[in-house]
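Read-outs throughout are calculated quantities, based only on the coordinates presented, and are distinct from any laboratory measurement. Keep in mind that this is a model prediction, so the values were computed, not measured. Methodologically, a virtual Cβ is constructed for each residue, glycine included, from the backbone with ideal geometry; neighbour enumeration extends over all protein chains shown.
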Amino acid sequence: MHFFLDTADVDVIKKLAETGLVDGITTNPSLVMASGRRFDEALKEICTVIDGPVSAEVVAMDVDGMIKEGRHLAKIADNIVVKVPLTFEGLQACKTFRAEDIHVNVTLCFSAAQALLAAKAGATFISPFVGRLDDIAQDGMQLIEEIVQIYSAYDFETQILAASIRHPLHVTMAAKLGCDAATIPPKIFEQLIKHPLTDKGLDGFAKDWAKTGQTIIR
Ligand code: E4P
């Protein structure tokens, strides 16, 4: 399973990339706003740190506008994936980009029918937003389950990228369902590493080791 970070904060990306566990990045207009950076400059810098897919979202709502913006974004680096919304226009733009060999992440997916259309349009990634569904008392993970079932029935190559992750359980549940990737907010990425019993166990071992008076290397 690939781990992407859901952020446009270059310092955070640099820090967490040191784990060697960050396979890609997703950004969106809200994350760009939060970063306070110019989008193109932040993207250039992110692509020097991360070799894997870096999603950059178009903001135009019409097909021509999406295509112009997407082509522009795709020129920033070889690993840019153009992100388009799951709209009529977004799916048309997706088909055009794929014919030009530009990778596409179709975002804001909230139903299995939408995911099926994105796969038919040749999307490289589909981003089902599990957290936002949970927020309105619908089961985000059930959507992932349905998409996994549909994509495997037809051998679609579109990769399922679990998005709108709210807690570590979302990541492990997506993994259990065989999701190709999850895009994880930095805070949750760090939570995945932590467990209170690990800290407690480590503390106990450190104290007992000190009592032995030994060093591992003499
Ligand atoms: C995905 O690509 C989006 O950037 C993101 O996961 C949205 O998550 P949110 O619901 O926390 O805004």
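Selection of first residues in the range 152-168 that are at positive phi and of second residues that are within 16 Å of the ligand (Cβ to nearest atom), restricted to Cβ pairs under 6 Å at least 6 apart or on distinct chains, gives the following pairs, ordered by first then second residue: SER164/PHE129; SER164/VAL130; SER164/GLY131; SER164/ARG132. Note on the range 1-56: enclosed helices (runs of 4 or more DSSP H) holding 2 or more residues that are within 16 Å of the ligand (Cβ to nearest atom) and farther than 19 Å from ILE102 by Cβ are 10-17, 29-35. In the set (1) surrounded by fewer than 22 Cβ atoms within 10 Å (Cβ to Cβ); (2) closer than 20 Å to ASN28 by Cα, ILE165 fails one condition alone, (1).
Restricting attention to the range 179-205, the residues that are away from the ligand (no atom under 16 Å from the Cβ), in a helix (DSSP H, G or I) and of a type outside the set (Asp, Glu) add up to 9. Selection of the range 100-119 for residues being more than 20 Å from ASN28 (Cβ to Cβ) and touching a residue at least 12 places away in the same chain (Cβ under 8 Å) yields GLU100, ALA112, LEU116, LEU117, ALA119. Within the range 57-87, the set of residues being under 14 Å from ALA123 (Cβ atoms), part of a loop (DSSP other than H, G, I, E, B) and more than 18 Å from the chain's Cα centre (by Cα) comprises THR87 only.
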